[in-house]
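Before any comments, here is the structure.
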Amino acid sequence: MAVAVAELRGVPVAELADRLDRLGGPEASRPSVARSATGTFPDLPGAERGKVVLRLAPFPNGVLHIGHGRLLYVHDHYRQQYDGRILLVFDDTIGSDEKRAEPEFFDLIQGDCELAGVRPDAVYYKSDRIPSHYPWARRVIEHGGAYVCRCPPDLLRENRAAGRACPERSQGPTEALEGWEKMLANVYGPGEAVLRLRTDLAEPDPAFRDRVLFRISDQAHPRVGTKYRVWPMLEFSWAVDDVELGVTHVLRGKELVIEDRMQRFVWDLLGIRGPPFLHWGLLRVREAKVAKSKANREVRSGAYDGWADPRTWSLRSLDRRGISMESLRAFILSFGMSLTDIDVPAESLYAENRKRIDAIALRRAFVSAPVRVDVAGYPLDRGEVTLPNHPDRPELGERTVAGGPSFYLARPDAEAHAGEEVRLKDLVNVRLPPAPWPAGIPVSAEFTSRENRRLPRLQWVGTADSVPVDVLQIDGTHLAGVGDRSLRTALPREIFQFERVGFVRVDSAPPAPSGPLRVVYAHP
RNA sequence: GCUCCCGUAGUCUAGUCCGGUCAAGGAUCCGGGGCCUUCGACCCCGUAACGCGGGUUCGAAUCCCGCCGGGAGCACCA
């Protein structure tokens, strides 16, 4: 058994490594394979290789964010393990006033799946499947499992908490069927009647008492408009669709366990054997407190820079920052199917990503808040210098950049060493003048020596040829600075390490002709 | 309040089902050192955990009981 588990655990890691190798390009030749610990995934009960059908069911009211990563990669993990299929089923029932499906997200979410590397084998829309739900409702009613309740929502809630029956609860199937037909025949307006499951008033869990199965809404749906007024609730719709779509295993977060009971209750009533359920626990990435409604609002108002704004922590934003989806996958899979409440810092994701990009990111010099420093006595032969693109990988080539005698230094960095001798990294040693350094006036420094000594090291950019750079940071603010001239040939989406600053990715948006090079900060 | 779930180092995880091989493994973070002219990488070293209390047993992270703590659900949302 122990051996079997060990083998099982070994598989995904190896597959991940293969996958990375097959990507080609610089990643294929990187010196070492990134290895990460994978959490445990139990076998799917009764699963047969090649016959597993899973379903992803996002609600289309926002793009997929980091939290959806678990949904995506847990499903994909099992798809790979069992050579199964993943159905993307848009959970687009009519929602509520606070939570409504919106048209643009159908395509955006499919794009997100693609981006994440979790391509669904088929796509369904719940809104196309409403008619097939009605016969199921009828069957449940005929089995005495449901009744039409006309209590106002507040009263319904009160009664549920108190375990009190509402007057209509005693309806027999015939009467309930009549009520149901009236619902379908537009006799009632929104909020005037619902179809409720008849569980047990003595049911100890108040959350489970006589849940609503169908309700009436006049809202227009982004895909089917006002074609339907009687809409199923999530639990009932899955009781239907998990069976009709042939789903073999339902994987969901543990906040949805009560939906399991609801589905089973319906299936038991109708004598159907449905698929088993598996759950994972809550995952919270500390820095990514995503309020979907706020993000949507800010994107729409233009306050955020689109769906890939770093503040949204959307999958798109991670990609834009240069955080690879394979890193996200490894990060997510490290949690396994744990039911624990996870509160993990983004640093863990960054560590995972660093393993993958450190070997391929070319090094570049970048200086923020530049202050000009003129060096007296600067050696003439150092007007240009050639530096390696990567300190550990000569095969990645080198670049030639402008040297002195005039430099930009990062003001806070340099000012901290005012009056001291410092080393301009990879170049020469200079003595900086004492503070203060008035703004707007070049600082006069003095050449001291060339040899590499253990002095504080400063990043520099030669003023003779520099490139203005704008860094979009994780909090949405911008950092202005200059980079070395080799950045002039930077390609969209290219990933660099700004030495002593961190990893960045060149933005894919076409740059303004005269504007700075736009990059997005990933992590240290 | 009711119902369910979860508690292994700062964080995440392996081990718990089937008690001994666990004086608890890995990752990350943190600290120290080495090395490459980065605050990054790599190498070496180090700190650090079985929520608490009982019980069963020769032996408990693992089984039993009782607490305590955390989370989720209690929508005509998903």
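Here is a yes/no grid of residues against (1) open to solvent by less than 20 Å² (accessible area, probe 1.4 Å); (2) modelled with pLDDT of 95 or more; (3) under 24 Å from A:Arg300 (Cα atoms); (4) assigned to a helix (DSSP H, G or I):
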residue: A:Leu72; (1), (2), (3), (4): yes, yes, no, yes
residue: A:Leu87; (1), (2), (3), (4): yes, yes, no, no
residue: A:Glu98; (1), (2), (3), (4): no, no, yes, no
residue: A:Cys113; (1), (2), (3), (4): yes, yes, yes, yes
residue: A:Val118; (1), (2), (3), (4): yes, yes, no, no
residue: A:Val123; (1), (2), (3), (4): no, yes, no, no
residue: A:Tyr134; (1), (2), (3), (4): no, yes, no, yes
residue: A:Arg139; (1), (2), (3), (4): no, yes, no, yes
residue: A:Val148; (1), (2), (3), (4): yes, yes, no, no
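Taken over region A:156-177, the residue count meeting the criterion of being loosely packed, with under 13 Cβ neighbours inside 10 Å and among the charged types (D, E, K, R) is 2. The residues of region A:190-242 that are aromatic (Phe, Trp, Tyr) and either open to solvent by less than 10 Å² (accessible area, probe 1.4 Å) or at pLDDT below 95 (or both), listed by number, are A:Phe208, A:Phe214, A:Trp231, A:Phe236, A:Trp238.
Scanning region A:436-467 for residues that are surrounded by 13 or more Cβ atoms within 10 Å (Cβ to Cβ), of a type in the set (A, V, I, L, M) and either closer than 28 Å to A:Val519 by Cβ or under 46 Å from the mean Cα position of the chain (by Cα) (or both) gives A:Val443, A:Leu455, A:Leu458, A:Val461, A:Ala464, A:Val467. Among the residues of region A:330-381, those identified as over 17 Å from A:Tyr73 (Cβ atoms) and among the aromatic types (Phe, Trp, Tyr) are A:Tyr350, A:Phe366, A:Tyr378.
Would you be able to say whether some residue in region A:386-409 is open to solvent by 60 Å² or more (accessible area, probe 1.4 Å), within 13 Å of RNA strand B (Cβ to nearest atom) and under 17 Å from A:Val482 (Cβ atoms)? No, region A:386-409 has no match at all. For A:Arg100, the criteria (1) more than 12 Å from RNA strand B (Cβ to nearest atom); (2) in the same structural domain as A:Leu318 (by TED's automatic domain parsing); (3) in contact (Cβ under 8 Å) with a residue 24 or more places away in the chain hold in every case but one, which is (1). Identify all residues within region A:293-302 that are open to solvent by 60 Å² or more (accessible area, probe 1.4 Å) and touching a helix residue (DSSP H, G or I) at 6+ places or on another chain (Cβ under 8 Å); write none if there are none. Listed by number, the list is empty, since nothing qualifies.
Beta carbons closer than 6 Å, at least 6 apart along the sequence or on distinct chains, pair a first residue in region A:210-225 that is over 30 Å from A:Ala162 (Cβ atoms) with a second that is more than 9 Å from RNA strand B (Cβ to nearest atom) and β-branched (Val, Ile, Thr) for A:Ala220/A:Thr226. Within region A:335-358, the only residue that satisfies the criterion of being in contact with an Asp or Glu (Cβ under 8 Å, 6 or more places away or on another chain) and near RNA strand B (Cβ under 7 Å from one of its atoms) is A:Pro345.
Of the residues making up region A:259-292, those that are open to solvent by 30 Å² or more (accessible area, probe 1.4 Å) and within 11 Å of RNA strand B (Cβ to nearest atom) are A:Arg261, A:His279, A:Leu282, A:Leu283, A:Arg284, A:Arg286, A:Lys292.
Regarding A:Gly306, is this residue free of Cβ contacts under 8 Å to residues at least 12 places away in the same chain, under 16 Å from the mean Cα position of the chain (by Cα) and closer than 18 Å to A:Leu64 by Cα? Walk me through how you get there before you give the answer.
Values: free of Cβ contacts under 8 Å to residues at least 12 places away in the same chain: yes; under 16 Å from the mean Cα position of the chain (by Cα): yes; closer than 18 Å to A:Leu64 by Cα: yes.
So A:Gly306 passes the test.
Among the conditions (1) within 23 Å of A:Val247 (Cα to Cα); (2) outside any helix (DSSP H, G or I); (3) more than 14 Å from RNA strand B (Cβ to nearest atom); (4) open to solvent by less than 80 Å² (accessible area, probe 1.4 Å), A:Thr93 misses just one, which is (3). If you go through region A:218-260 and keep only what is closer than 21 Å to A:Phe105 by Cα and small (Gly, Ala, Ser), you end up with A:Ala220, A:Gly225, A:Ser237. Counting just the residues of region A:16-67 that are away from RNA strand B (no atom under 16 Å from the Cβ) and at pLDDT below 90, which one comes out most open to solvent (accessible area, probe 1.4 Å)? Per the criteria, the residue is A:Arg22. When restricted to residues that are away from RNA strand B (no atom under 16 Å from the Cβ), open to solvent by 10 Å² or more (accessible area, probe 1.4 Å) and within 15 Å of A:Leu72 (Cβ to Cβ), region A:303-329 contains 4.
Could you check, for region A:104-120, whether at least one of its residues is near RNA strand B (Cβ under 10 Å from one of its atoms) and in contact (Cβ under 8 Å) with a residue 24 or more places away in the chain? No: region A:104-120 contains no residue that is near RNA strand B (Cβ under 10 Å from one of its atoms) and in contact (Cβ under 8 Å) with a residue 24 or more places away in the chain.
The values are calculated or read from the model by the stated rules, or taken from the named source; none is laboratory data. Owing to the predicted nature of the structure, the values given are computational and were not obtained by experimental measurement. Methodologically, a virtual Cβ is constructed for each residue, glycine included, from the backbone with ideal geometry; neighbour enumeration extends over all protein chains shown. Note: accessible area is taken over every heavy atom of the protein model, side chains too, but ligands, DNA and RNA are not part of it. Shrake-Rupley method; radii C 1.70, N 1.55, O 1.52, S 1.80 Å.
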